[in-house]
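The values are calculated or read from the model by the stated rules, or taken from the named source; none is laboratory data. In this text the structure is predicted, and so the values were computed from the model without any measurement. Reconstructed Cβ throughout: ideal geometry from the backbone, glycine too, with neighbour counts over all protein chains shown. Remember, those area values only see protein heavy atoms, side chains included, never the ligands or the DNA or RNA. Shrake-Rupley method; radii C 1.70, N 1.55, O 1.52, S 1.80 Å.
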Amino acid sequence: MNEAGIADGDLVLVRQQQTADPGEKVVALIDDSATVKLFRPGVETIVLEARSSNPRHRPIVVERDFRIQGVVIAVIEHRNTDGADQ
């Protein structure tokens, strides 16, 4: 989700709720796995869109067999604390 402002190692603050508006970043639960994606509802399917420069991160197309756990309301950037950046 680096193209949506979430880099590897960042923390996300999530408001717990079961619904989302189109285009919101959501935490979705599919089977027993959680993922952060953009919510794109359609008429018969829902696309959980990966906004990543990594081509391995593909959109997930679901019907109704997933749950929204919450909506991302803030991103806390990961900071290197080992002194290597100083």
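Here are the numbers for the structure shown:
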read-out: Exposure of Val62 as accessible area (Å², to 10), given a probe of 1.4 Å and all protein chains; value: 10
read-out: Where labels lie 7 Å past Cα in the beta-carbon direction, separation of Asp10 and Arg56 in nm; value: 2.0
read-out: Distant-in-sequence amide H partners of Gly70 (H built 1.01 Å from N, under 5 Å); value: Gln17, Val27
read-out: Accessible area per residue in Å² at 1.4 Å probe, computed on the chain; value: 72
read-out: Label of the coordinate-derived value, mean projected area of the Cα convex hull in nm², listed as [x] 6.6; [y] 7.6; [z] 9.4; value: [x]
read-out: Nearest-10 value in Å² for the accessible area of His57, using the 1.4 Å probe; value: 80
read-out: List Thr45, Thr35, Thr19, ordered by accessible area with a 1.4 Å probe, largest first; value: Thr19, Thr45, Thr35
read-out: Accessible surface of the chain [probe 1.4 Å, protein heavy atoms]: carbon and sulfur percent; value: 45
